[in-house]
Amino acid sequence: MKKRKSMKLAVVALIIGLVQFACSDEKDLSPDTARITLAVTTTSSDSKLINARVNNENSLVFTSGKIKFREVVFDGDTQNRSVSITHEQISEIDYATGMITPAVNIDVPAGEYTNVNLGIEIQDENSDPSIVIEGTYINSEGTSIPIRLEFNSGEVFEANASVVSIPAGSNIVGKIKFDALDWFSVVSAEELDNAQLTNGKIIISETSNADIFDQVANRLDVATQAVFE
């Protein structure tokens, strides 16, 4: 399958926050080391679609799915050196809960960082889609139709921040927000009303409703700055 170019994580309206919290296994860290634990939040609330027909309640909600990734990369500059750490691990994100299985923890040198980058490479091993998000679309006639997004590409999602403080011995949460509603924010109600159905379901993929898929995929190419807290 043809791979698309690398994208910025904020593509997905992706926001990364780093939050300190106490951890029982801090004794496992060296005096000059900190730990980043990857976490995810997702969005599943209703969204009114743009260009909806008058007096109709077109809406879209995503409530389940998976995001499978294979690698996490942390890069940044601190004091007089550059740090680059690649953590290879196949894990899966549950879109409904944000749970990552198995959990991802990365040990990094403590310090005051600039030019920070946190990247996730999506798994692309076979024909099975690496990203599957499912939900419901209520069309202009008030009919509820199942909808499914299938995305199969070895994307590298990235987020950047200018300055991040990572204290020695701390455990930091690197939190990413995947917002499928934002991905579809460029798709009109009319386009979904007219989408081709497969066994009563709207399938959005490279081969099904490809025009809508291209808009969603292009939305992923929108870059915003990550927020580290």
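Every read-out reported here was derived from the displayed coordinates using simple, explicitly stated rules and does not represent laboratory data. On a predicted model such as this, the values are computed, not experimentally measured, just so you know. Please note: Cβ atoms are built from the backbone with ideal geometry, for glycine as well, and neighbour counts cover all protein chains shown.
Around the Cα centre of region 98-219, unit charges on the Cβ atoms of Lys, Arg, Asp and Glu (plus for the first two, minus for the last two) sum to a dipole of about 420 debye. The ellipsoid equivalent to the alpha-carbon distribution of region 34-184 has semi-axes of 36, 17, 13 angstrom, derived from the gyration tensor eigenvalues as √(5λ) and listed largest first. With each label modelled as a point 7 angstrom along the Cα→C-beta vector, the residue 57-residue 80 pair spans 6.5 nm.
With a Förster radius of 41 Å applied to the C-beta separation of residue 199 and residue 89, the computed FRET efficiency comes to 0.70. Taking only the Cα atoms of region 116-217, the ratio Rg/Rh comes out at 1.10, with Rh defined as the Kirkwood radius. Only Cα pairs under 8 Å and 6+ residues apart enter the sum, and on that basis the relative contact order of region 82-140 stands at 23 percent. In this simple spin-label model, placing a label point 7 Å from the Cα along the Cα-to-Cβ direction at both residue 66 and residue 173 gives a separation of 2.5 nm.
Taking N as the number of residues in region 124-165, what value does Rg over Cα atoms divided by 2.2 N^0.38 Å take?
Taking N as the residue count of region 124-165, the ratio is 1.87.
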